[in-house]
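Notes follow once the structure below has been shown.
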Amino acid sequence: MCLGLVSRFTIRILGLAFLMFFLAHIPSAFALTEEENNNIDLYQRLAPGVVNITSTIIEHDFFLNVIPRKGTGSGSVIDSRGYILTNNHVIGDGKLEVTLANGKKYTARLIGTDPDTDLAVVKIDAPKETLAVIPMGDSASLKVGQKAIAIGNPFGLGQTLTTGVVSSVGRTMRAENGTLVEDIIQTDASINPGNSGGPLIDSSGNLIGIATAIFSPTGASVGIGFAIPVNTAKRIVDELIAKGYYSYPFLGATLMNLFPDIAEALRLPVRMGAMVIETTPGGPADQGGLKGGNRKAQIGNNVVIVGGDVILSVNDVQVKDADGAIREIRKLHPGDKIQLGIVRWDGTSEKLTVTLGEKPRSVKSRQPKTGER
Amino acid sequence: MVLPFTFLFFASAFRGRVIAAFLLIYIAAAHSNVSALTPEEITTIRAYEKVAPSVVNITTHVCEAEFFFCAVPSIIGSGSGVVLKENGLIMTNSHVVAEARNIRVTTSDGRRLEARVISVDPDDDLALMKVDVGDKPLKAIVLGDSDTLRVGQRVLAVGNPFGLGQTLTSGIISMTGRTIKDQGRVFQNLIQTDAPINPGNSGGALINLDGELVGLCTAILSPTGSSIRIGFALPAARIKAAVPELMHPWHRIAGWVLAILLAVWVFRRIYRRQGRQYDEQTRDS
């Protein structure tokens, strides 16, 4: 009897305890949606991997007073040794200071830059345990509509999380030196000045892009942000760390888009292709027998340098314009032999074999429409 | 065919390594997060993929008279539109096609088609266009129910902001039943959303997560002219109501003509009766 009472009492106590347990825990478990928990988890996991970068340039005013000018950006830790991936335009020429999520400041060393893709790697000597490495994902399998999270330092405010979706993939963009950057990711996660160089992350916490540019008439986010795909970064980062630069293949020819109306006016047997304007004397194209233009002609409202060869294919892949030819050549490495299918000024077609050189690092494209490789 | 192969496989000296490799690949696949998407993302992706072929980009050329009254066909505007019927019937905002001389529609599969405006309703800011689709029909959008929308519900906007090309933006319904005034016109019962809507999104689709059209992106409130996340969309109910009228604009004209005829007839009867009474009165006196 007594035992029975005790057991009933125990059962009640236990029941009450269970009830209290559930009352205490169910609301907190259900108060946040799965989506919110995902965001919170990602932020807590990856925030230590996102750094704020301040670049200070010392300038002098008219009376030679020293004026430090600061630019801010963001970066993501890609290696536990302290390598940080960011944008080339964040680095500038100044002294670099990196602030970690825990507030500690480090002086950073520039490791390598690639102005063609607007990427750069800097290094800090921070202890391993204070850094969280952001794993690199795959930007080729991205789908429009999937979540995109940006962590960065907008307007120098400090670490900020913004969310959105992938708005579009495969956009193209010109880097500051006029080079075409492809497969750009567009997102509606708010990206503002200062977010540059920061990571764009998917819902699994993998780096999918490097927030680089925005489209905006006002200078602040209007819901259209662009990120350089991580696959581009993966291709060049190791070489940036090892050598300080990425060696692009070099053809040594300035190319121009051949439009149908120009081709018609020049009585060429083709309609589309990459027309050679000039070749670098002694460069790979020159040695391979590719000929540049030698006279000027006015076609419509444009003055065009004509007389050069027209590239129709690179390694048997058809190219429609200068960017197409550059895209094909970019896939290769310095030292590779390529076969160019060309049409000469007099209409004869030919196949040339050219050994690609290494792009001189000071060469910059002169015009947006004209690529010099 | 299979049997000898399996036999060979199990007999081969490398089977241990092969099995180990397969196991490793399996484990790696099970633990990799590369393609793991949340249910929310899968819903969004599916909704976008459902409507993407039904949203078109619109480019307009406006003829402007320059100082010496020579026509300069230079100004290019951009907008969006939704496909209502597979035969190429496209709905957009009337302000997208207003004063446009040359309207070109780019479909999501990359075709460029000339569009012809069928009718315009500036009061509702709606316009109906027709493109010649040839033998490849477009995919028509599914019209949803805009009356059951609730504030806080997720919506997606698909359009062509600043002429960049097809773009998806996401947000929620900020409010329903908004009334806004624009240049003397009053638009009632609009949907307000915080999905970024920019110039060029006009005429684009606002969809729910089932991929159904709930609104047509029409206006924004902004001191700068670009999105500050206050956008307005015409509800789908308005579109449903306007389509028959826009498709047969002569119905409205016929209605007016009939009404005028009726009025004339009524007035004539009244005056004739009055005239007769007057005549009778004068004859009596």
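The values are calculated or read from the model by the stated rules, or taken from the named source; none is laboratory data. Source: prediction; values computed, not measured. Ideal geometry is used to build each Cβ from the backbone, glycine not excepted, and the neighbour counts take in all protein chains shown.
Taking the stated definitions as given, is B:Val151 touching a residue at least 24 places away in the same chain (Cβ under 8 Å) and over 13 Å from B:Val51 (Cα atoms)? In short, yes.
Only one of the numbered conditions (1) farther than 19 Å from A:Arg171 by Cβ; (2) within 14 Å of another protein chain (Cβ to nearest Cβ); (3) in contact with an Asp or Glu (Cβ under 9 Å, 6 or more places away or on another chain) is violated by A:Ala253, and that is (2).
Quick check on this structure: which one of B:Ser146, B:Ser222, B:Ser202 is of a type outside the set (D, E, K, R) and within 14 Å of chain A (Cβ to nearest Cβ)? Please lay out each step first, then the result.
Details: B:Ser146 fails: within 14 Å of chain A (Cβ to nearest Cβ); B:Ser202 fails: within 14 Å of chain A (Cβ to nearest Cβ).
It is B:Ser222.
Of everything in region B:217-231, what is farther than 17 Å from B:Ser170 by Cβ and crowded, with 17+ Cβ neighbours inside 10 Å? Give them in sequence order. If the condition is that a residue be farther than 17 Å from B:Ser170 by Cβ and crowded, with 17+ Cβ neighbours inside 10 Å, then B:Thr218, B:Ala219, B:Ser222, B:Ser226 are the ones that fit. Does B:Asp182 fit the bill of being of a type in the set (Asp, Glu), modelled with pLDDT under 95 and buried (at least 17 other Cβ atoms within 10 Å of the Cβ)? Judged against the criteria, B:Asp182 is not a match. When region A:132-166 is filtered for residues that are of a type in the set (Lys, Arg) and surrounded by 21 or more Cβ atoms within 10 Å (Cβ to Cβ), only A:Lys147 remains.
Here's the yes/no breakdown for (1) away from every other protein chain (no Cβ under 14 Å); (2) over 19 Å from A:Pro199 (Cβ atoms); (3) touching a Phe, Trp or Tyr at 6+ places or on another chain (Cβ under 9 Å):
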{"site": "A:Leu32", "(1), (2), (3)": "no, yes, no"}
{"site": "A:Thr54", "(1), (2), (3)": "yes, no, no"}
{"site": "A:Phe63", "(1), (2), (3)": "yes, yes, no"}
{"site": "A:Ile84", "(1), (2), (3)": "yes, no, no"}
{"site": "A:Asn87", "(1), (2), (3)": "yes, no, no"}
{"site": "A:Gly103", "(1), (2), (3)": "yes, yes, no"}
{"site": "A:Leu110", "(1), (2), (3)": "yes, yes, no"}
{"site": "A:Asp114", "(1), (2), (3)": "yes, no, yes"}
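Filtering B:Val133, B:Val155 for residues that are of a type in the set (A, V, I, L, M, F, W, C) and part of a strand (DSSP E or B) leaves a single hit, B:Val155. Restricting attention to region A:195-226 and to residues that are surrounded by fewer than 24 Cβ atoms within 10 Å (Cβ to Cβ) and among the small types (Gly, Ala, Ser), the residue that is nearest to B:Gly163 (Cα to Cα) turns out to be A:Ser216. Applying a threshold of 7 Å to beta carbon distances and a minimum spacing of six or more residues, or different chains, the list of pairs starting in region A:321-347 at a residue that is assigned by TED's automatic domain parsing to the domain that holds A:Leu266 and ending at one that is among the aromatic types (Phe, Trp, Tyr) reads A:Arg330/A:Tyr248; A:Pro334/A:Phe250.
Meeting the requirement of 2 or more residues that are touching a Gly at 6+ places or on another chain (Cβ under 6 Å) and within 26 Å of A:Gly205 (Cβ to Cβ), the strands (runs of 3 or more DSSP E) wholly within region A:43-147 are A:50-60, A:66-77, A:83-87, A:119-123.
On the stretch given as region A:109-131, residues that are more than 20 Å from the chain's Cα centre (by Cα) and surrounded by fewer than 18 Cβ atoms within 10 Å (Cβ to Cβ) total 6. Would you be able to say whether some residue in region A:117-125 is modelled with pLDDT of 95 or more and closer than 16 Å to A:Gln159 by Cα? Within region A:117-125 (the criterion being modelled with pLDDT of 95 or more and closer than 16 Å to A:Gln159 by Cα), the answer is no, since none of the residues qualifies.
Quick one: which of A:Leu312, A:Leu332 is out of contact with any helix residue (DSSP H, G or I) (no Cβ under 6 Å at 6 or more places or on another chain) and surrounded by fewer than 18 Cβ atoms within 10 Å (Cβ to Cβ)? If you could, list the steps in order and put the result at the bottom.
Numbers: A:Leu312 fails: surrounded by fewer than 18 Cβ atoms within 10 Å (Cβ to Cβ).
Checking each option against the conditions leaves just A:Leu332.
Yes or no: region B:176-188 includes at least one residue that is facing chain A (nearest Cβ under 7 Å) and closer than 23 Å to B:Ile141 by Cα. No, every residue in region B:176-188 fails to be facing chain A (nearest Cβ under 7 Å) and closer than 23 Å to B:Ile141 by Cα.
Would you check if there is a residue in region A:254-268 being closer than 20 Å to A:Ile329 by Cβ, among the aromatic types (Phe, Trp, Tyr) and not in a helix (DSSP H, G or I)?
At the first step, the residues of region A:254-268 found to be closer than 20 Å to A:Ile329 by Cβ are A:254-258.
After this cut, where a residue has to be among the aromatic types (Phe, Trp, Tyr) as well, the list is none.
Scanning region A:254-268, I find no residue that is closer than 20 Å to A:Ile329 by Cβ, among the aromatic types (Phe, Trp, Tyr) and not in a helix (DSSP H, G or I), so the answer is no.
Scanning region A:44-57 finds one or more residues that are exposed (fewer than 12 other Cβ atoms within 10 Å of the Cβ) and at pLDDT 90 or above.
Answer yes or no as to whether B:Ala254 is assigned to a helix (DSSP H, G or I), farther than 30 Å from B:Val151 by Cβ, of a type outside the set (Phe, Trp, Tyr) and under 41 Å from the mean Cα position of the chain (by Cα). Yes: the conditions hold for B:Ala254.
Considering only region A:315-329, how many residues are among the acidic types (Asp, Glu), in a loop (DSSP other than H, G, I, E, B) and surrounded by 15 or more Cβ atoms within 10 Å (Cβ to Cβ)?
The first filter runs over region A:315-329 and keeps only residues among the acidic types (Asp, Glu), leaving A:316, A:321, A:323, A:328.
Among the residues that remain, those that are also in a loop (DSSP other than H, G, I, E, B) are: A:316, A:321.
With the extra rule that they be surrounded by 15 or more Cβ atoms within 10 Å (Cβ to Cβ), the set shrinks to A:321.
So the count comes out to 1.
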